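Structure record follows, encoded as structure tokens.
The values are calculated or read from the model by the stated rules, or taken from the named source; none is laboratory data. Treat the numbers as computed from the prediction; the structure is a model and nothing was measured. Cβ placement follows ideal geometry from the backbone for every residue including glycine, while neighbour counts extend to all protein chains displayed. The protein model used for the area step is the full one, side chains on, heavy atoms only, and it has no ligands, DNA or RNA in it. Shrake-Rupley method; radii C 1.70, N 1.55, O 1.52, S 1.80 Å.
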Amino acid sequence: MPSATINPTRMELTRLKGRLRTAQRGHKLLKDKRDELMKQFMDVVRENRSLRRRVEEGLMRVHGAFTVAAALMSPEMLEQSLLYPKQAVELEMSFENIMSVDVPRYQFRTASREGGEIYPYGFAQTSGELDDAVDAMAQVLQDMLRLAEVEKTSQLLAGEIEKTRRRVNALEYVKIPEMEENIRYITMKLDENERANTIRLMKVKDLILKEAIQEKREQTARAVEAFGGEGPAPA
């Protein structure tokens, strides 16, 4: 049904046709954006699955190494060895725009590039298993950071996909059909008015023609009467 407040005029028809063309172009652009977002999202999901599997395997190795180290060392010695970290870590965050979505990018950097700086203890009273655990933790940390970045990216892309999908559906199933229905309604009303005007003009033309014929007849009758009055007198 057309809008109750629609004004069936040619100006309104022109305005609605312009809005319809704009809505159709916007609908196509939004569909293209949704499809590209889905492609980006699927790539991120595949990377997320691979990273999560690698991080879980790395954390299992870290847990196993720390379990062995805890079995070989006293709890007090283990806690004292890891109490004061030696390596400083810096984390910088920036943003990358993907289809109008700002996704985070993390840069992980240690203060020292030397590999031995990850061990915050001396080697005299600690076991080699603790070294293996700390080294495994250092290796999995970069993947954990990348996993956090990818998961946040997938979350943001999923939200944007849902928002774009709602806009596409609103245009496709509500706005565009409503404007098309209003255009049909106005066109029908204008056609009805055109036909009504044509009928009125035809009636007016018929009335004018009838009046002209009637006037012609009256003129003819008056001419006949006048001609008959001027004829010769009877004998």
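Brief remarks on what is shown
- Of all residues making up region 125-156, the number that are among the polar types (S, T, N, Q), open to solvent by 60 Å² or more (accessible area, probe 1.4 Å) and part of a helix (DSSP H, G or I): 3
- Per-region count, region 163-189, residues open to solvent by 70 Å² or more (accessible area, probe 1.4 Å) and within 30 Å of Tyr106 (Cα to Cα): 2
- Note on region 8-29: residues that are within 30 Å of Glu194 (Cα to Cα) and either exposed (fewer than 12 other Cβ atoms within 10 Å of the Cβ) or touching a Pro at 6+ places or on another chain (Cβ under 7 Å) (or both) amount to 6.
- Number of positions in region 62-86 that are open to solvent by 50 Å² or more (accessible area, probe 1.4 Å) and of a type in the set (Val, Ile, Thr): 2
- Residue tally, condition open to solvent by 50 Å² or more (accessible area, probe 1.4 Å) and under 14 Å from Ala170 (Cβ atoms), over region 30-44: 2
- Residue tally, condition in contact (Cβ under 8 Å) with a residue 40 or more places away in the chain and among the aromatic types (Phe, Trp, Tyr), over region 168-185: 1
- Unique residue being part of a helix (DSSP H, G or I), under 17 Å from the mean Cα position of the chain (by Cα) and farther than 16 Å from Met144 by Cα when the list is Gly26, Gly64: Gly26
- Within this structure, Val55 fails the test of being surrounded by 11 or more Cβ atoms within 10 Å (Cβ to Cβ), under 17 Å from Ala136 (Cβ atoms) and over 42 Å from the mean Cα position of the chain (by Cα).
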